[in-house]
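Working notes for the structure below.
The values are calculated or read from the model by the stated rules, or taken from the named source; none is laboratory data. Values in this document were obtained by computation on a predicted structure and should not be read as measured data. Heads up, the Cβs are rebuilt from the backbone with ideal geometry, glycines too, and the neighbour counts pull from every protein chain shown. With ligands, DNA and RNA removed, areas are computed over all heavy atoms of the protein, side chains included. Shrake-Rupley method; radii C 1.70, N 1.55, O 1.52, S 1.80 Å.
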Amino acid sequence: MQELIQQVVSGLASGAIFASLALALVLIYNAMGLVNFAQGEMAMFATFIAFTLIIHGLNYWIAFPLTLGIAFVAGVVIERVVIRPVERAPVLTLVIVTLGLATLVNGAAGFLFGYVPRSFPSPFSVQTINILGAFASFQDLSVIAVCGIVLIAIYLLLQRTTIGLTLRAAAHHPEPSRLLGVRVSWMLALGWGLASAVGAVSGIMVAPILLLEPNMMQTIIIYAFAAAVLGGIESPLGAVVGGLIVGLTVNLAGAYVPFVGGDLELAVALAIIVGVLVIKPNGLFGRAAVRNV
Amino acid sequence: MPSALLELENVHCGYGQTSVLHGVTLSVPEGSIVSLLGANGAGKTTTLRAITGGVHWLGDIRFAGRSLRGRHTEDIVGEGIAHVPEGRGILTELTVDENLRLGAHKRKDRDAVRKDYDRVFEYFPVLKERRWLSASTLSGGEQQMLAVARALLMKPRLMLLDEPSLGLAPLVVRSIFEIIRTINQTDHVAVLLVEQNARLALELSTEAYVLEVGRVAVSGKSAELQGQESVRRSYLGY
Amino acid sequence: MYRQVQQRLRSAPPRYWLVLVLVLFFIGLPTVITSFQASEWTLVLIFAIVIMGLNILVGYSGQISLGHGALMALGAYTSAILIHRYQVDYLVTIPIAGLVTGLIGFLLGIPALRLSALYLALATFALAVVTPSLIKRPAGLTGGVQGILISSPDPPQFAKDAFASVTSGPPMSSDQWMYYLSLISALVLFWLAWNLIRRRPGRALRAIRDREVAAASYGINIAGYKTMAFGISAFYAGIGGSLYGLAIGFVSPDTFPLALSFQLLVGTVVGGLASIAGPLIGGVFTFWLPIVSSQFVGSQSWIPAQIASVFQKAGPAVTYGALLIVVMIFAPNGVAGLIRTGYMRLQARLRGAGDRGTGQMPPDPQTV
């Protein structure tokens, strides 16, 4: 029982990390109907920036928001420079461009920071604390808390502020929004910036667990895909719920299903992706897709 | 002669290879209601889209004396032109309130916005009832009301209305037209009204232009056009 | 009869001559380069085969696969297991690997029908990432992390003798034999693809790619053609994978990483979508870019060794990524598209006709 609770908590912690990255995917999907294959790599790069800031003596809690700010600006710049020229191109072109971006960012990280895995500092103690008679790691609980705060902040931004309102308007109805004075093109860039920042949270949270190196996010992005697809790809709430479900499922399957063990956890994510796409493509929270003719 | 609020001078435009407007000249005086009539495909909607920068055009379009050449839709709209497009442009993913907030989102005069809200709810009480519901739950007439209300919250000097009567019951159309008249009179908002329903439009407006395949075929005071049997027969179909 | 042939030769468009020259070049190449260099060109040909298959899927049917590395792995392991465990002759295993992979590809194509291009990209991407760990699992069959060693095939006696008499040097080496085996496969598969594309299935696929709903209204069997494209594409990947395993002498999970699937896509796109010449250009590009770029950096003495060694690891990725983006923005039809556009401009110029703007998508892509 105790072990189960521990597994659940650590599953939720992974889930929160997946949820952050999945939310980043959803933000861009909503803005332009595109899955950003470079999201994980962008998060990885941001984590390297945080790492650099911290080893140069900056306090973790200053480096963290600073990195998010840098990631935000980088996201905006990437949209302006790389995505804008192909904004109206077919999906295939867009997908290939984001793949190119992923490769480019991955290579750039390798070039600048090298391929030696580094241990990323964590401000959270590794102690366990006692909740209701079970021990949960403080690290896991903190990850859940930080991701939770970020997700709530994004929710408030989208739902309660004017800028969030214009973001949503531009994403769903670009033409009428333009007539209301919304700068749709800039909203896309803003969406990329936000996504980049939210994704960076997942990178910074996962780095202490995985060790930081350029390919760190390659598996995390698959879990995030699974989470986003499970949640219905266009629903921010769906991404969060999907992330938690994927985190729990993968963790529990890894711990309790002998066949899965440690090395087939990723295959569980693949199974979720394929299963959802084939059986219920709208996911848990997605609306029925309208087929454009 | 005092210069009009909106002036189109020999405007040509089209989509790709096909040209739609072949030299349209018209003007909307400050505080007036002008209707733009004509058959389907005559270029009425395109004229409105040209004004708010939705299509490329040649010639000249001036608003309050300044040319709109080469300006983006977002800026033109900020100058004080509210465009209620074909199909009303309701953002159905959002709530009624969010649609209204978008109308006012660029305004800094918060107190005036609050007053405008009250007035809009006075005009359209149903919007107050439905304020927190998704805009997709509104009926066609209610969506048209929302579109006009949202346009009003932009505090425009000119409203472009594209077929507000389309697909609505006659009674609903009446009440919407009444409110357009009220808005015009109390707020001194000029209106350029595109309509298929020529009879109603001529009743409401002071001046009218009739488009035929991209050109102004007839224009004049609404009352005079109404009186001319031949014009009514050949262009307006009633 | 002779007359007819003469007639046809005279009326053949220049591109046929170009193909002939190209084929002769590839046949003669190993006689002037070393055995090791031949083994490098073998990989170029293999990449070209797989990219041809991927091009049928992406360029002609408008679907996408980021998982062709996984399909190559399937082909390679099929051959390796048949050779290693069941002592099947390696020549026999090549078509078997193609057919097995093609069948699996066809089956994958069925759920793929329900997915939009975006979801398909996502699912195949996940497949590519998961493949290495899936391969490791049945360790008894696949050799786990170690993989399987394949002894390099010995060329048949007639080939050895023929090669020795042509070059008046040593008999044909195993590497050179693999080269010719790949060349023959590539020729056959390119010829098949060319026939497929210019006939009914090709037209149907392009119709589906460009206007699916309209195509359906003409009575084109959309589901059938799309799954067929997947199957054929996988068949090419299977053959390519099988040859790849034979050429490099072993297969292991790390032989088929995500990066391989990427490289294949880059090759497809840079070479040119919906083009027959594209895959060849793509194959050359995919294979030589990392080698040439790291050799270049390595040879530059002014670059500190430390940076050079990092670049040799990261450089290809940076170059690939940047090129992919630049190509998609500025030349969405790839190198083959650029050549085609340039050729058409030149022709128009020569005819003295006005230089008409050429469209983005080639209307009816053919050879070269």
### Message
So, in region A:210-237, exactly how many residues are away from chain C (no Cβ under 13 Å), over 14 Å from residue A:44 (Cβ atoms) and either in a helix (DSSP H, G or I) or β-branched (Val, Ile, Thr) (or both)?
### Response
3
### Message
Quick test of your reading of the structure: residue B:75 fulfils all but one of (1) crowded, with 16+ Cβ neighbours inside 10 Å; (2) at pLDDT 90 or above; (3) within 14 Å of chain A (Cβ to nearest Cβ). Name the failing condition by number.
### Response
(1)
### Query
residue A:182 passes all but one of (1) open to solvent by 20 Å² or more (accessible area, probe 1.4 Å); (2) without any contact (Cβ under 8 Å) to a residue 40 or more places away in the chain; which number fails?
(1)
### Yes/no for residue C:213 being touching a strand residue (DSSP E or B) at 6+ places or on another chain (Cβ under 9 Å) and of a type outside the set (Phe, Trp, Tyr)
no
### Task
Only residues that are surrounded by fewer than 23 Cβ atoms within 10 Å (Cβ to Cβ) and closer than 25 Å to residue A:111 by Cβ: list them for region A:213-235, please.
A:213, A:215, A:218, A:219
### Query
Does any residue in region C:122-134 that is more than 15 Å from residue C:105 (Cα to Cα) and more than 7 Å from chain A (Cβ to nearest Cβ) come within less than 7 Å, Cβ to Cβ, of a residue that is assigned to a helix (DSSP H, G or I) and not aromatic (Phe, Trp, Tyr) six or more places away or on a different chain, and which pairs are these?
C:132/C:253; C:132/C:254
#### Entry: Looking only at region C:1-37, and only at residues there that are more than 29 Å from the chain's Cα centre (by Cα) and open to solvent by 100 Å² or more (accessible area, probe 1.4 Å), the one that is modelled with the lowest pLDDT
C:1
### Out of A:76, A:9, sole residue that is in contact with a strand residue (DSSP E or B) (Cβ under 6 Å, 6 or more places away or on another chain), in a helix (DSSP H, G or I) and touching a residue at least 40 places away in the same chain (Cβ under 8 Å)
A:9
### Task
State whether one or more residues within region B:151-158 are closer than 25 Å to residue B:51 by Cβ and of a type in the set (Gly, Ala, Ser).
yes
### Query
How many residues are more than 15 Å from residue C:109 (Cα to Cα) and in contact (Cβ under 8 Å) with a residue 12 or more places away in the chain if we restrict to region C:215-237?
1
### Query
What is the number of the single condition among (1) more than 12 Å from every other protein chain (Cβ to nearest Cβ); (2) closer than 22 Å to residue A:186 by Cβ; (3) of a type in the set (Gly, Ala, Ser) that residue A:89 does not meet?
(1)
### Query
How about region C:167-269: which helices (runs of 4 or more DSSP H) wholly inside it have at least 3 residues that are within 23 Å of residue C:126 (Cα to Cα)?
C:222-248
### Query
Do you know which residues across region B:32-51 are touching a helix residue (DSSP H, G or I) at 6+ places or on another chain (Cβ under 7 Å) and either assigned to a loop (DSSP other than H, G, I, E, B) or more than 20 Å from residue B:180 (Cα to Cα) (or both)?
B:38
### Query
closer than 28 Å to residue B:142 by Cβ and open to solvent by 20 Å² or more (accessible area, probe 1.4 Å) - does that describe any residue in region B:1-23?
no
### Query
Is at least one residue of region A:7-24 under 14 Å from residue A:189 (Cα atoms) and open to solvent by 30 Å² or more (accessible area, probe 1.4 Å)?
no
### Task
Select from region C:136-168 the residues that are in contact with a Phe, Trp or Tyr (Cβ under 7 Å, 6 or more places away or on another chain) and open to solvent by less than 20 Å² (accessible area, probe 1.4 Å) and write down the one among them that is farthest from residue A:265 (Cα to Cα).
C:159
### Task
Give the residue, chosen from A:82, A:105, that is at pLDDT 90 or above, under 29 Å from residue C:120 (Cβ atoms), buried (at least 23 other Cβ atoms within 10 Å of the Cβ) and of a type outside the set (Lys, Arg).
A:105
### Summary
Over region B:143-157, the set of residues more than 13 Å from chain A (Cβ to nearest Cβ) and surrounded by 21 or more Cβ atoms within 10 Å (Cβ to Cβ) is B:144, B:145, B:148
### Query
From the residues in region B:99-108 that are crowded, with 22+ Cβ neighbours inside 10 Å and within 7 Å of another protein chain (Cβ to nearest Cβ), which one is farthest from residue B:193 (Cα to Cα)?
B:102
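Residue by residue, here is whether (1) under 18 Å from the mean Cα position of the chain (by Cα); (2) at pLDDT 90 or above; (3) of a type in the set (Asp, Glu); (4) surrounded by 15 or more Cβ atoms within 10 Å (Cβ to Cβ) holds:
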position	(1), (2), (3), (4)
B:180	yes, yes, no, yes
B:187	yes, no, yes, yes
B:206	yes, yes, no, yes
B:210	yes, yes, no, yes
B:213	no, no, no, no
B:217	no, no, no, yes
B:223	no, no, no, no
B:227	no, no, no, no
B:235	no, no, no, yes
### Query
Among the residues of region A:131-165 satisfying the criterion of being open to solvent by less than 50 Å² (accessible area, probe 1.4 Å) and in contact with a Lys or Arg (Cβ under 8 Å, 6 or more places away or on another chain), which is farthest from residue B:104 (Cα to Cα)?
A:158
### Query
Given the structure, is residue C:109 more than 14 Å from chain A (Cβ to nearest Cβ) and small (Gly, Ala, Ser)?
no
